[in-house]
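Below is one structure, written out as structure tokens, with a few remarks after it.
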């Protein structure tokens with residue numbers, strides 16, 4: 001499993017590769033000398049599926065498509081600008097073709113995009129791990145519990161570096 005580690009302030013700390021079978025207690029983030037403690041107790045079910053964040057210990061995680069957001073934004077902006085220019089020149093069919101092409105490209109990328117698991121609390125991301133129907137997508141009600149402003153008030157004793165509680 002590849003983990004993109006963040007602290008409770010949702011600041012990226014780095015990435016690491018972890019073998020779920022070995023369940024290491026400590027890992028060093030790639031490209032740094034930072035060591036992170038992992039909490040494996042109860043994190044995996046009997047089938048080896050992740051159901052709890054091993055970085056902060058949160059019991060609530062969600063699945064999402066690991067879609068390249070910058071690419072998606074760039075695609076939308078480029079298609080919008082191109083279609084506006086074409087509409088202004090009176091080339092409505094070409095403008096609609098550009099918009100349709102953007103939708104087709106977006107759908108192709110979506111089909112080939114893999115899923116990842118994300119912790120509601122710290123937003124650490126878990127890729128290359130088993131994801132199935134027992135993992136739910138984002139839920140706004142759960143997400144509201146873990147908004148950064150509310151979370152800071154709930155955990156005033158968090159560790160400043162990793163966000164872990166002492």
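Taking the criterion of being within 19 Å of residue 68 (Cβ to Cβ) and surrounded by 16 or more Cβ atoms within 10 Å (Cβ to Cβ), the residues of segment 116-128 that qualify are 116, 117, 118, 123, 124, 125, 126, 127.
Among the candidates 98, 104, the residue that is at pLDDT 90 or above, more than 23 Å from residue 18 (Cα to Cα) and exposed (fewer than 12 other Cβ atoms within 10 Å of the Cβ) is uniquely 104. Among the residues making up segment 56-92, those that are in contact with a helix residue (DSSP H, G or I) (Cβ under 9 Å, 6 or more places away or on another chain) and crowded, with 17+ Cβ neighbours inside 10 Å are 75, 79, 82, 83, 86.
Per this entry, residue 48 is not counted among residues that are in a loop (DSSP other than H, G, I, E, B), at positive phi, in contact with a strand residue (DSSP E or B) (Cβ under 8 Å, 6 or more places away or on another chain) and surrounded by fewer than 12 Cβ atoms within 10 Å (Cβ to Cβ). Evaluated against (1) over 30 Å from residue 96 (Cα atoms); (2) exposed (fewer than 13 other Cβ atoms within 10 Å of the Cβ), residue 14 falls short on exactly one condition, (2). For the criterion of being out of contact with any strand residue (DSSP E or B) (no Cβ under 8 Å at 6 or more places or on another chain), in the same structural domain as residue 38 (by TED's automatic domain parsing) and closer than 24 Å to residue 127 by Cα, residue 59 passes. The set of residues from segment 66-125 being part of a loop (DSSP other than H, G, I, E, B) and more than 30 Å from the chain's Cα centre (by Cα) comprises 89, 90, 91.
The values are calculated or read from the model by the stated rules, or taken from the named source; none is laboratory data. Source: prediction; values computed, not measured. Note that we place each Cβ from the backbone using ideal geometry, even for glycine, and neighbour counts take in every protein chain shown.
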